[in-house]
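What follows is a short report on a single structure.
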Amino acid sequence: MADQVVGGGHLAPEAARGPGATARDRRSALPRQDGAAARSGLPGFAGRRHELKALRADIGRAGLDTLTGRRGARSRVLLIAGRPGSGRTTLAEALLRETAGDYPDGVLRAVLTGRDGAPAGLARTARDLLTALGTTAPPGAGEDELAEAVRRALAGTRTVLLLDDAPGAEDVEPLIPDAPDCLVVVVSQGPLTGIPDVRPCALGGLDTAAAVEVLCHYAGPTRITVDPRTAEAVAEECGGHPAALILAGAWLAARPKLSVSDLRQALLAVPVPSDLPAADRPLHRAFRLTYGALPQTAARILRLATLAPDGLVDAHTAAALGGCTVPAAAAVLHDFAALGLLRPVPGEPAPDPDGGPGPQYRLPGCLVPLSRALLHEDERPADVQLARARMLERTVRLVQSCRAAAEPDGSPARRRAAELPRPLRFPTRAAAAHWLRTRRGALLDAAAMAVADGQLDTLDRRLIAALTRALLAHHGPEAAAPDLYTLHELVLQVAGRRTLPRERAAALLNLGDLDARAGRTEQALTRYRGALEAARSVQDPVATGRALESLGDTYGELGDWIRSADWYGRALELRLARGERSDAARLHARIGAAHGRAGRYEQALKDCRAAVRTYRRLGDHAGQARAEAAAAGVHELAGALDEALAGRLAALESARAAKDTSLEAGLQLRIAEILDRLGDPAAARLHRAAAERIPQKTSE
C-alpha cells in the first residue's frame with residue numbers, strides 16, 4: 001500500500017476508501033526496509049547517517065516534562081530543520097522507512113505550502129488530513145474545530161504524521177495529537193518556538209565525501225572515479241548543498257561525452273548577481289546551468305510552474321501553461337524529474353491504463369524563488385495572464401468532462417464529452433472519479449486563483465459551477481459539502497467584487513443551508529437575511545421566496561414559532577401573488593404547524609384546512625395527506641386525541657390514493673401511537689402490523 005499524502009489540499013487516493021474501511025485500511029503502512037536498503041533508495045541521503053541515528057534515539061527518549069521517565073501525554077515531535085534543498089525531506093523519508101514497523105497504522109503526510117511557496121493554511125491541511133483518515137468535519141468549520149478533529153482521529157493510534165515544509169510553529173502545534181504512541185516529524189527552516197520538548201536536528205551542508213557520493217548517484221560513478229579531485233572541487237563549488245549537487249550531477253548525466261572538469265567549468269561560467277548572498281550562490285549556479293540548457297518550451301514550462309494550482313504540476317497543467325501538446329508536456333515533466341527540477345508526488349495508480357493525465361509533480365521549495373525570478377525576468381505580465389487563462393480554461397473543460405463521465409451512457413452530456421479531444425476525455429466513471437479525487441486540492445486552488453485574479457472574465461464562475469456539479473455527481477451532497485462550502489464562499493467574493501446581487505443571493509442561500517445543517521443557526525440567519533436583501537434588490541422572486549422560507553425554517557429550529565409563522569406568511573404572500581397554488585398550499589400547512597407549536601390552535605387549524613382545500617382542488621393526494629396530517633398534529637398538541645385520530649385516518653386514505661407507501665407507513669405508525677394513548681392496544685397492533693407489510697418505497 002502507498003502512503004497517504006496531503007499537500008495544501010492534495011489528497012492521496014487512500015482517502016477514497018469508503019466508511020466501511022477499518023482504521024488500518026485507511027492509514028497505509030510503509031513497507032519495511034533495512035537501513036541499507038532505505039539509504040540506497042534515497043539519493044541525496046549521503047552523509048546524514050549520524051543525524052538519522054540521533055533522530056531514532058530521540059523517539060524513545062523520555063520527555064523533558066516527565067520526572068518519572070514515562071512518556072508524556074502528547075506525541076513525540078521531531079524537528080528536521082534546514083534551508084530548503086538541504087536534504088531535510090530526504091532525511092525524514094529515511095527515518096520513516098527505518099521506523100515503519102513501529103507504527104502499524106501507517107504514515108500521514110502533509111505538505112504545508114502550496115502554490116508559489118505560500119502557506120497552505122491550517123484549515124486546508126487539517127481538513128485534508130481528516131479526509132485521509134476517513135473522518136468528516138462540518139462544512140465551514142473553523143481552524144480550532146478542524147484541528148481538534150484531527151487530534152481526536154489520531155488518538156489511540158500508532159501513526160506517523162509527517163508535516164513537510166512547515167512555515168512555523170503556529171501551523172504545527174494545533175495538529176499535534178494527544179497520543180503518546182504517535183510520532184510527529186516536522187520539516188521546517190527554523191525552530192518551532194512555543195512547542196515544548198521538540199527534538200531538533202539541524203542540517204548544514206554535506207561534507208566532501210558525502211557530496212561526492214551524491215554526484216556519483218546522479219552522474220554515475222565512472223567519471224567521478226576517474227577524476228576524484230575535480231569531483232571534490234565540484235562538491236566544493238556546490239557548497240555541499242544537496243539540491244545543487246543533484247542538479248549538477250543530473251546535468252552531467254545528461255551529457256555522457258563531458259567530463260567532471262567540464263561540469264566544473266560550466267558551473268564557474270554561470271554569472272552570479274553581485275548582491276546574492278554567498279550561501280545562495282551554489283544553488284543559483286546549478287539551477288541556472290540546468291535551466292540554460294533546456295529547450296525553449298521546457299524552459300517556459302519551468303518558468304510558469306509556480307502558477308500551478310496548489311504547487312502541483314501534471315501534463316495537462318504543463319501543456320496549458322506552455323502552450324504545447326499533452327504528450328509533449330508529459331515528456332518534459334519526466335525529464336524535469338530526472339534533472340532534479342521536479343519531485344514526483346506519490347499517488348494511486350489510475351483504475352485503467354488510460355485513466356487520467358498521468359502523475360503529478362511538485363517544484364522543490366528551494367527552486368520556487370529561482371523559478372519565480374525567471375518568470376519575472378522573461379515573461380511579460382500579459383503573457384503570464386494568458387498562460388493562466390489557458391490553464392484555467394483547460395481545467396474547466398476537464399472538470400466538465402469529469403462530470404459528464406458520471407452521467408448515464410447515451411446522455412447528452414456523455415455525447416458532448418465523446419466529441420472532446422482524447423486527452424480531455426475519461427474512459428470510465430471510475431477514471432473520472434480517480435482524477436477528481438487526486439486533483440481535488442489543486443482544483444479548489446484553481447478556483448481560488450481564478451477568483452483572486454479578477455480579470456478572467458467569466459472563467460471563475462464557470463470553473464466554480466463545473467466543479468460544484470462534478471463534486472455532487474461523484475461524491476454526493478453530504479460528502480461534497482465541505483468543498484461546496486469553500487466554493488460558495490468564492491462565489492460570494494466574486495459577487496461582492498463585481499456587484500452581482502443574484503449570485504450573491506444564491507451563494508448566501510447555499511452557505512446558509514450548510515451553516516444550518518452544521519448547527520450554526522445564528523450564522524445561517526445572517527446569511528438568509530443577506531440573501532433576502534440581495535434578492536429583493538433585483539426583484540428576484542425565486543431567491544426571495546427561498547430566503548423567506550429558509551428564515552421560517554431556521555426560526556422553527558430555534559423554537560421561535562411565532563417568528564417562524566411570520567416569515568412563512570411573508571413567503572405565502574409572494575406565492576399567492578405569483579399564482580403558485582401548490583407552493584401556497586405547502587406554506588399554509590407550514591404556517592399551521594408553526595401556529596400549533598406556538599399554542600395558537602384555532603389559527604393553526606384554519607391554515608391547515610386552507611392547505612387541504614387547495615391540495616384537493618389541485619388533485620394532489622400526497623400534499624392533501626400531509627396537510628391533513630398537519631391538522632391532526634395540531635389536534636394532538638391541543639389534547640383532542642379523537643379529532644387527531646380522525647385526521648390521521650383521513651390522511652391515510654389520501655396517502656393510499658396517492659400510492660405513497662412511505663407516507664402511508666408513517667401514518668399507520670402515528671395512528672398506532674394515538675390508539676395506544678386512547679387505550680386501544682389491540683387496534684394499535686393492527687396498524688403497526690399493517691405498517692410492517694407496506695413496501696418501503698415512495699412512488700414517483
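Over the chain, Cα pairs under 8 Å with separation of 6+ residues give a relative contact order of 9 percent. Computed from backbone phi, the HN-Hα couplings of the stretch 74-86 come to 9, 5, 5, 10, 10, 10, 10, 10, x, 5, x, x, 7 Hz, rounded to whole numbers (Karplus: 6.51 cos²θ - 1.76 cosθ + 1.60, θ = phi - 60°; Gly and Pro given as x).
Rounded, prolate or oblate: which one fits the stretch 536-620, using the alpha carbon gyration tensor with axes a ≥ b ≥ c (rounded when a/c is under 1.5, else prolate when a/b beats b/c, else oblate)? Oblate shape, in that a/c is at least 1.5 and b/c is the bigger or equal ratio. What the pair-distance distribution of the stretch 260-390 shows, using all Cα-Cα distances binned every 5 Å from zero, is 2, 10, 19, 22, 18, 13, 9, 4, 2, 1, 0 percent. Stokes-Einstein, applied to the Kirkwood radius of the chain over Cα pairs at a viscosity of 1.002 mPa s and 20 °C, places its translational diffusion at 73 µm² s⁻¹.
Working ranking of peptides 161-174, 191-204, 587-600 by packing, defined as the average number of other Cβ atoms within 10 Å per residue, highest first, is 587-600, 161-174, 191-204. Rounded to the nearest whole Hz, the Karplus-based 3J(HN,Hα) values (6.51 cos²θ - 1.76 cosθ + 1.60, θ = phi - 60°) of the stretch 126-136 follow the sequence 5, 5, 5, 5, 4, 4, 5, 7, x, 10, 10, with x at glycine and proline. Projected label points at R416 and A338, each 7 Å from Cα along the beta carbon direction, are separated by 4.1 nanometres. Across the stretch 186-292, Cα-Cα pairs farther apart than 22 Å form 35% of the total. Semi-axis lengths, largest first, of the ellipsoid equivalent to the stretch 527-586 are 18, 16, 7 Å, with √(5λ) applied to each eigenvalue of the Cα gyration tensor. Calculated on the Cα set of the stretch 397-490, radius of gyration then Dmax: 13.1, 38 Å. Which parts of the stretch 660-678 would a label at R688 reach, counting a residue when its backbone N lies under 14 Å from a point 7 Å out along Cα-to-Cβ? The answer is 668-678. Taking the Cα centroid of the stretch 127-181 and of the stretch 495-537, what is the distance between the two, rounded to the nearest whole Å? Their Cα centres are 30 Å away from one another.
Once the 1.4 Å probe is applied to the protein heavy atoms, the stretch 133-269 comes out at 42 Å² accessible per residue. The rule of thumb for compact globular proteins, 2.2 N^0.38 Å, goes into the C-alpha radius of gyration of the stretch 592-678 1.01 times. Normalising the average separation of contacting C-alpha pairs (under 8 angstrom, six or more residues apart) by the number of residues puts the relative contact order of the stretch 621-691 at 28 percent. The aspartates and glutamates within cross-link reach of K659, meaning a Cα-to-Cα straight distance under 17 Å and a gap of 8 or more places when in the same chain, are D620, E628, E692, E700. At 37 °C and 0.692 mPa s, what whole-number value in µm²/s does Stokes-Einstein give for the translational diffusion of the stretch 409-559, with Rh from the Kirkwood sum over Cα pairs? After rounding, the answer is 194 µm²/s.
Counting only protein heavy atoms and a 1.4 Å probe, the stretch 69-115 has 30 square angstrom of accessible area per residue. Here the accessible area is traced with a 1.4 Å probe on the protein chains. For the stretch 247-342, carbon and sulfur cover 57 percent of it. Structural descriptor for the stretch 530-597: relative contact order 27 percent, calculated from alpha carbon pairs under 8 angstrom and at least 6 residues apart.
Apolar share of the accessible surface for the stretch 614-700: 53 percent from carbon plus sulfur atoms, 1.4 Å probe. Here the peptides 154-160, 96-102 are ranked by packing, the mean other Cβ count within 10 Å, and the order with the highest first is 154-160, 96-102.
The H on the amide N of V111, modeled in the peptide plane, is under 5 Å from the matching H of V6, G7, G8, D164, each at least 5 residues off or on a different chain. Grouping the Cα pair distances of the stretch 62-196 into 10 Å bins from zero gives a pair-distance distribution of 12, 43, 37, 8, 0 percent in increasing distance order. With 0.36 nm allotted per residue and the present C-alpha distance subtracted, the A254-S537 stretch has 95.4 nm of extension available. When you count the other C-beta atoms within 10 angstrom of each residue and take the mean per peptide, 414-421, 402-409 line up highest first as 402-409, 414-421.
Radius of gyration (Cα atoms) of the stretch 166-211, expressed as a multiple of 2.2 N^0.38 Å: 1.44.
Using the rule -39500 (n - 2.57) for each DSSP H run of four or more residues, divided by the residues of the chain, the 222 nm mean residue ellipticity is -19500 deg cm²/dmol. For D105, the amide hydrogen comes within under 5 Å of the amide hydrogens of R158, counting only partners 5 or more places away or on other chains and with H modelled in the peptide plane.
3J(HN,Hα) along the stretch 254-270, derived from phi through the Karplus expression 6.51 cos²θ - 1.76 cosθ + 1.60 where θ = phi - 60°, amounts to 6, 10, x, 8, 9, 9, 5, 5, 4, 4, 5, 5, 5, 5, 5, 7, 6 Hz, with x in place of Gly and Pro.
Taking every protein chain into account, the accessible area of the stretch 457-574 amounts to 44 square angstrom per residue (probe 1.4 Å). Translational diffusion of the stretch 333-465, estimated by Stokes-Einstein from the Kirkwood radius over alpha carbon pairs at 4 °C in a medium of 1.567 mPa s, is 78 µm² per second. In terms of its Cα atoms, the stretch 549-700 spans 46, 33, 24 Å along the principal axes, sorted from long to short.
Sites listed here are GluC sites (Glu not before Pro) in the stretch 514-588 whose DSSP assignment is loop and whose Cβ has at most 16 other Cβ atoms within 10 Å: E580. By DSSP, the beta bridges lying fully in the chain are antiparallel in about 25 percent of cases. Taking amide hydrogens as placed 1.01 Å from N in the peptide plane, the amide H of L183 sits under 5 Å from those of T159, V160, L161, each at least 5 positions away in sequence or on another chain.
The values are calculated or read from the model by the stated rules, or taken from the named source; none is laboratory data. It should be emphasised that the depicted structure is a prediction, and the values quoted were computed from it without experimental measurement. Note that each Cβ is placed from the backbone with ideal geometry, even for glycine, and that neighbours are counted across all protein chains shown. Accessible surface is based on the protein model in full, side chains and every heavy atom, while ligands, DNA and RNA are left aside. Shrake-Rupley method; radii C 1.70, N 1.55, O 1.52, S 1.80 Å.
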